[in-house]
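Each reported figure results from applying straightforward, stated rules to the coordinates on display, with no laboratory input. Bear in mind that the values here come from a model prediction, so they are computed numbers and not experimental data. Here the Cβ positions follow ideal geometry from the backbone for every residue, glycine too, while neighbour counts run over all protein chains shown.
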Amino acid sequence: MFVTPVRPPAGSLRFENDHDLPHAIAVRVTDIGSDPGDGPGAVVGDPVVVPAHRNLTASTTIESGERQTYEGVFTEPVWYAVAFTVDGREPANDAGVTAFHPAPSTDERGSFLSGKVYPSGDFSWVVSSTGDGGPF
């Protein structure tokens, strides 16, 4: 479901475009783990999750100055290895890969994941904390 909250619930996915051109942004889950691994976008372990979470994908074309937020994307308390593409290409220097854990940590704040195109046209992922525990 597409929503536009300021601080979305844990497990949400946000796409942002601060560049002056529209961009197609896509994300896919490349692995699921019980812990983060060594290196960018690496996870280890073999948690039990429904198969659909191992194959999550999402994409959108986003206009300049817009943001789109989707709730309930990452709903399991596991580490998701994710890879972003922008306009069909992987960002340079591993800027499009990360390991992401949405569930609340010891300080009781969960996280949501953003893929962001900056005014320069560069891309990066951003993990933000939120006080809304979402599905957890």
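Assorted remarks:
- Residue check: residue 123 meets all listed conditions (1) farther than 19 Å from residue 37 by Cα; (2) hydrophobic (A, V, I, L, M, F, W, C); (3) under 10 Å from the mean Cα position of the chain (by Cα) but one, namely (3).
- Per this entry, residue 95 is not counted among residues that are within 11 Å of the chain's Cα centre (by Cα), in contact (Cβ under 8 Å) with a residue 12 or more places away in the chain and surrounded by 14 or more Cβ atoms within 10 Å (Cβ to Cβ).
- Considered as a group, the residues in the range 4-33 that are among the hydrophobic types (A, V, I, L, M, F, W, C) and not in a strand (DSSP E or B) include one that is nearest to residue 49 (Cα to Cα), and that residue is 10.
- Some residue of the range 78-97 being small (Gly, Ala, Ser), within 19 Å of residue 10 (Cα to Cα) and in a loop (DSSP other than H, G, I, E, B): no
- Residues in the range 86-136 that are at positive phi and of a type in the set (Asp, Glu): 87, 94, 108.
- Residues in the range 52-77 that are within 15 Å of residue 112 (Cβ to Cβ) and of a type in the set (A, V, I, L, M, F, W, C) were compared, and the one that is surrounded by the most Cβ atoms within 10 Å (Cβ to Cβ) is 74.
- Checklist (1) farther than 16 Å from residue 18 by Cα; (2) part of a strand (DSSP E or B); (3) under 9 Å from the mean Cα position of the chain (by Cα); (4) in contact (Cβ under 8 Å) with a residue 40 or more places away in the chain applied to residue 74, failing item: (2)
- Considering residues of the range 32-51 that are at negative phi and within 16 Å of the chain's Cα centre (by Cα) only, the residue surrounded by the fewest Cβ atoms within 10 Å (Cβ to Cβ): 40
- Here is the figure for the range 98-136: residues that are in a strand (DSSP E or B), farther than 22 Å from residue 64 by Cβ and either without any contact (Cβ under 8 Å) to a residue 60 or more places away in the chain or out of contact with any strand residue (DSSP E or B) (no Cβ under 9 Å at 6 or more places or on another chain) (or both) total 4.
- Here the condition is being touching a Gly at 6+ places or on another chain (Cβ under 6 Å), under 27 Å from residue 119 (Cα atoms), crowded, with 16+ Cβ neighbours inside 10 Å and not basic (Lys, Arg); of 19, 23, it holds for 19 alone.
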